[in-house]
Amino acid sequence: MGTTVFARGALLLVPGIVCILSSTPVRGEEQALSLPRVIELSLQNNGDLNAFREEKGIRDAGKVRAGLLPNPTLELEAGTGALSGSRDENNLSIGISQEFPLAGKRDKRLTIAARDLEIYRWQLVDRERVLREEVKAAFHDAILAQKRTDLADRAIDLNRQLLEVTRERLTAGDIPELEMNLVKVELARSEGSRIAAARALNQSQARLSTLMGLPAGESPALAGNLDADVPMATSLLDLKRLAGESRPDLKALETEKSRGEADITLARAEGVPNLTAGLFYSHERRADATGVGEEKVRDNLLGIRLSLPLPLFDRNQAGVQEARTRRSSTENRLLAATRNVERDVETAYARYQNSEKVLSLYKATIIPQLEENLQLTQEAYRLGEVGILAVIQEQKKFFEVSEGYLTALHDRRTALVKLEAAVATELTGGAQ
């Protein structure tokens, strides 16, 4: 009777494993978060990303600064002859001057400020791309940890059933006490594996909560499926083309190259000096000697003053050279980044293809054969044709291969995450 119960319970293990691989339980009535919702919350609440968003104000301030004229200069001058014995002589002069940039410097500075703002926008998009990759990887890590925990729970249940069977058979005198002790060891080992799986789950959930910007101690349930179909039939050539068109870090470097051209144009314009124009009013009182005595004279003058440095020596040659060097540096970085992106796409694509091959082996050959072997061994033990060691060994192999299958599913998911991040495009239409 005990062996029949064990056989039935063991035969239920296979659909139980399938259930573990295809779904994630939801704790209580807590609403589980899907991957798109987790990504949305992360983009909203991530601390580092929000801090970088605030830096937009710096670029906006730079644009405002570039459009402003220099402040006017107020000049005041007064003199008196009271201290030198000429009490009747004094003067007063007041003026205001304004510097006017020539050669379109103001418009060129506004162009550079606009390029800086565009670079910032692409950098923000790139940080969002990187965050999406981190969140997706952490999400799938958490799902894998949850499924490993569930698999450990199944192993504990089966070992407890096996322990009950061995107790009954020991009582009936069918087996030696050593067999029951071996099962106890297996049960303790599976319980230890459950503790390790729970610890890994807590660590994965904590990392994901950090990326989502959640308060400490808050860890929502997750709804995910490692075994979902992943339709992706795009060729490597198309993926490279998509990456070249979509990668925001490349867009940022292209805009930085454009800014380098604007820097050169401004540097050349800086070689043209600015004009300073001013108005002044002057009042002067003095005493002029005449043939019959001294005559007091008062003069009032109103005039303009123009000032323009002569560009004889410094025509901003150093500034032009510096701008050209920066542009050349940006071109080299853009070329290197383009090659690196292509290499990243190739590596990620090869990793994804390999993960698909490994997973197909599990699905087509390994898992079905392993299930059959486990069932045959359990039935043989029920009939007394094999000993407990054969059951334990086959059961251990089954859980080890199931763990490998979970890892293969996770590897395919993470490979797809890497590929999508390399291309900066959702290749599955957002399906997870």
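The values are calculated or read from the model by the stated rules, or taken from the named source; none is laboratory data. This is a predicted model, so every value here is computed, not measured. Note: ideal-geometry Cβ built from the backbone for every residue, glycine included; neighbour counts use all protein chains shown. Keep in mind that these areas ignore ligands, DNA and RNA; they rest on the heavy atoms of the full protein, side chains included. Shrake-Rupley method; radii C 1.70, N 1.55, O 1.52, S 1.80 Å.
The numbered conditions (1) without any contact (Cβ under 8 Å) to a residue 40 or more places away in the chain; (2) outside any helix (DSSP H, G or I); (3) crowded, with 18+ Cβ neighbours inside 10 Å are all true for L226 except (1).
A quick yes/no check of all residues on (1) small (G, A, S); (2) surrounded by 14 or more Cβ atoms within 10 Å (Cβ to Cβ):
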position: S329; (1), (2): yes, no
position: D344; (1), (2): no, yes
position: A348; (1), (2): yes, yes
position: E372; (1), (2): no, no
position: A380; (1), (2): yes, yes
position: I392; (1), (2): no, yes
position: V401; (1), (2): no, yes
position: L406; (1), (2): no, yes
position: D411; (1), (2): no, yes
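When P70 is tested against (1) over 39 Å from the mean Cα position of the chain (by Cα); (2) within 30 Å of A216 (Cβ to Cβ), exactly one condition is not met: (2). The residues on offer are T365, T325, and the sole one that is in a helix (DSSP H, G or I) and at pLDDT 95 or above is T325. Within the range 90-102, residues that are in a strand (DSSP E or B) reach partners that are of a type in the set (K, R) with beta carbons closer than 9 Å, at six or more positions or on different chains, in the pairs N90/R285; N90/R286; N91/R285; N91/R286; L92/R285; G95/R305; S97/R305. Scanning the range 405-432 for residues that are of a type outside the set (S, T, N, Q), at pLDDT 90 or above and out of contact with any helix residue (DSSP H, G or I) (no Cβ under 7 Å at 6 or more places or on another chain) returns a single hit, E420.
Rundown of residues vs (1) aromatic (F, W, Y); (2) within 26 Å of K240 (Cβ to Cβ); (3) assigned to a helix (DSSP H, G or I); (4) touching a strand residue (DSSP E or B) at 6+ places or on another chain (Cβ under 6 Å), yes/no style:
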site	(1), (2), (3), (4)
P311	no, no, no, no
D314	no, no, no, no
V320	no, no, yes, no
S329	no, yes, yes, no
R333	no, yes, yes, no
A336	no, yes, yes, no
E346	no, yes, yes, no
Y349	yes, yes, yes, no
K357	no, yes, yes, no
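Residues that are in contact with a helix residue (DSSP H, G or I) (Cβ under 7 Å, 6 or more places away or on another chain), closer than 30 Å to K56 by Cβ, open to solvent by less than 20 Å² (accessible area, probe 1.4 Å) and charged (D, E, K, R): does the range 134-157 have at least one? Break it down into steps so the answer makes sense when it comes.
Within the range 134-157, the subset in contact with a helix residue (DSSP H, G or I) (Cβ under 7 Å, 6 or more places away or on another chain) is 134-142, 144-156.
Add one more test, that the residue is closer than 30 Å to K56 by Cβ, and what stays is 134-139.
Going one step further and asking which of them are open to solvent by less than 20 Å² (accessible area, probe 1.4 Å), we end up with 135-136, 138-139.
Adding the requirement that they be charged (D, E, K, R) leaves 136.
Scanning the range 134-157 turns up at least one residue that is in contact with a helix residue (DSSP H, G or I) (Cβ under 7 Å, 6 or more places away or on another chain), closer than 30 Å to K56 by Cβ, open to solvent by less than 20 Å² (accessible area, probe 1.4 Å) and charged (D, E, K, R).
Of all residue pairs spaced 6 or more apart or on separate chains, those with beta-carbon atoms under 7 Å, a first member in the range 367-391 that is at negative phi and a second member that is polar (S, T, N, Q) and exposed (fewer than 11 other Cβ atoms within 10 Å of the Cβ) are R382/T4.
Any residue at all in the range 346-362 that is over 32 Å from the mean Cα position of the chain (by Cα) and of a type outside the set (V, I, T)? The answer is yes, given that some residue of the range 346-362 is over 32 Å from the mean Cα position of the chain (by Cα) and of a type outside the set (V, I, T). State which residue is farthest from the chain's Cα centre (by Cα) when the search covers only the range 189-216 and only residues that are open to solvent by 60 Å² or more (accessible area, probe 1.4 Å) and more than 19 Å from Q44 (Cα to Cα). Selected residue: R189.
Looking only at the range 64-89, count every residue that is over 29 Å from D107 (Cβ atoms), of a type outside the set (D, E) and either in contact (Cβ under 8 Å) with a residue 24 or more places away in the chain or not in a strand (DSSP E or B) (or both) and tell me the total. Residues that pass the stated criteria total 7. When the residues of the range 66-112 are narrowed to those that are closer than 24 Å to L310 by Cβ and acidic (D, E), which ends up surrounded by the most Cβ atoms within 10 Å (Cβ to Cβ)? The residue in question is E99. Total residues in the range 29-63 satisfying the condition of being part of a helix (DSSP H, G or I) and open to solvent by 80 Å² or more (accessible area, probe 1.4 Å): the figure is 7.
If only one of Y381, Y405 is more than 30 Å from A138 (Cβ to Cβ), part of a helix (DSSP H, G or I) and among the aromatic types (F, W, Y), which one is it?
Numbers: Y405 fails: more than 30 Å from A138 (Cβ to Cβ).
The conditions single out Y381.
In the range 160-176, what count of residues is obtained for those that are out of contact with any Lys or Arg (no Cβ under 7 Å at 6 or more places or on another chain) and in a helix (DSSP H, G or I)? Show your work before the answer.
Taking the range 160-176 and keeping what is out of contact with any Lys or Arg (no Cβ under 7 Å at 6 or more places or on another chain), we get 160-162, 164-174, 176.
The next check asks that each one be in a helix (DSSP H, G or I); those that pass are 160-162, 164-171.
Looking only at that region, the number is 11.
T255 meets all of the listed conditions (1) at pLDDT 95 or above; (2) surrounded by 12 or more Cβ atoms within 10 Å (Cβ to Cβ); (3) farther than 20 Å from K108 by Cα but one, namely (3).
Applying a threshold of 8 Å to beta carbon distances and a minimum spacing of six or more residues, or different chains, the list of pairs starting in the range 255-282 at a residue that is farther than 20 Å from T73 by Cβ and ending at one that is aromatic (F, W, Y) reads T255/W122.
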